[in-house]
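The values are calculated or read from the model by the stated rules, or taken from the named source; none is laboratory data. All figures in this text were calculated on a predicted structure; none of them were measured in a lab. Here the Cβ positions follow ideal geometry from the backbone for every residue, glycine too, while neighbour counts run over all protein chains shown. The accessibility values were calculated without ligands, DNA or RNA, using every heavy atom of the protein model including side chains. Shrake-Rupley method; radii C 1.70, N 1.55, O 1.52, S 1.80 Å.
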Amino acid sequence: MKCRICGVKASVNMRQHNMALCKEHFLEWIPGQTARFIKKYEMFTENEKILVAVSGGKDSLSLWDILRRLGYQADGLYISLGIDEGIDYSAESQRLAEKFALEHKLKLHVVDIQKEYKEAIPTLSFKNRRGKGKECSICGLVKRHEMNRIARDGGYDVLATGHNLDDEAATLFGNTLNWAGEYLLRQGPVLQGKPGLARKVKPLCRFYEREMLAYALLRGIEYIYDECPLSIGSTSIYYKETLNRIENDRPGAKLAFYLSFLEARRAGLFTDRAEIQAELHHCPQCGQPTSASGLCSFCGMLLKRPESIDE
Ligand code: SF4
Ligand code: ZN
Ligand code: ZN
């Protein structure tokens, strides 16, 4: 297999694009395509201040690296979730995020959930009656709240996450299986901001996971190899495996699934639903916008205590 651009031996073969590239041209192609997606979906401009949510994994560190190479002003945010499960997952991912920031002289905000709210994710989940295997919903709620808080307090215009095509296609697959209208309405490369809520963007949403893996390896980025131990057995992993089987038989199927969805939405498939917008209020506890009439779901979650714990 030869590089389509220069003809030397290719390092990465992308069956879905019917294209192979050498290391040098692949490492140019990824930022070039990212810049194209940023422009196409109007994610942000050169003058806007970006906060990148960095988990220590290959996607978020690669995103930070790409934005830096493209010349954007992007600071990082690492949220320590207090997940160890025998492999010190949080400590190791924090070490790698800090190492990357130090090596490239980048600013990294670090939020420790245990220190900030006196409980880490496993305990918060337990107290909210979400036992083993169900931590992701509480974890997602905490991460969204904290990302928004730091973006608001730090005056960032936009919050960027490292979701890749495999993540987005799996989420879309799950939302479609359940016809989860509200979620389908909100899914896409850009979620526009509102007063008090930063705009959210996913610049890597059109890259396959294996393309991001190749980018991280070829750039020599040190990232955490382990998946979050709490993700084992999750439905999102099951959906990813299912889509991988389809992709294996029909290269490009995953990308076509996601892009057709974006096109259907652009053409007005969800227009009627889009007009139904919940009115937002300010949470009396933390001040963040919420559609609830009292406390936002994050502050409500912090207060919840099952009877067995109260005693
Ligand atoms: Fe949190 Fe679940 Fe992701 Fe682990 S897999 S970091 S628990 S959302
Ligand atoms: Zn080449
Ligand atoms: Zn609140």
Item checked: Separation in nanometres of the label points that stand 7 Å from Cα toward Cβ, at Arg152 and Arg265 -> 2.4
Check: Relative contact order (percent) for the chain, with alpha-carbon contacts under 8 angstrom and 6 or more residues of separation?
Finding: 19
Note to self: Taking the full set of protein chains and a 1.4 angstrom probe, give the accessible area of His282 in square angstrom, rounded to the nearest 10.
What the structure shows: 130
Next item on the list: List every DSSP H helix in the chain whose Cα atoms extend 30 Å or more along the helix's own long axis and whose mean Kyte-Doolittle hydropathy is at least 0.5.
Entry: none
Next item on the list: Provide the gained length on full extension for the span His104 to Ser137, in nm with one decimal, where the gain is 0.36 nm per separating residue minus the Cα-Cα distance.
Entry: 8.6 nm
Note to self: List the pairs from Lys23/Lys49; Lys49/Lys202; Lys58/Lys240; Lys202/Lys254 whose alpha-carbon separation is above 19 Å, in the order I gave them.
What the structure shows: Lys23/Lys49
Margin query: How far apart, in nanometres, would the label points at Leu280 and Glu24 be if each is projected 7 angstrom from Cα along the Cα-to-Cβ direction?
Written below: 4.8
Next item on the list: Per DSSP H run of at least 4 residues, take -39500 (n - 2.57); add these up for the chain, divide by its residues and hand me the 222 nm value, nearest 500 deg cm²/dmol.
Entry: -14500 deg cm²/dmol
Notebook entry, point to check: Residue separation times 0.36 nm, minus the C-alpha to C-alpha distance between Arg69 and Arg250: what's the value?
Noted result: 61.8 nm
Notebook entry, point to check: With a ≥ b ≥ c the root eigenvalues of the C-alpha gyration tensor of segment 160-223, is it rounded (a/c under 1.5), prolate (a/b larger than b/c) or oblate?
Noted result: oblate
Item checked: Charge dipole (the chain, unit charges on Cβ, about Cα centre) - positive-most of Tyr89, Ile30, Ile221 -> Ile30
Next item on the list: At a Cα cut-off below 14 Å, give the aspartates and glutamates reachable from Lys304, other chains included and same-chain residues fewer than 8 away excluded.
Entry: Glu119
Checklist line | Segment Lys49-Cys6, extension gain: residue separation times 0.36 nm, minus the distance between their alpha carbons | finding: 11.9 nm
Check: What accessible area, in Å² to the nearest ten, does a 1.4 Å probe give for Glu227?
Finding: 120
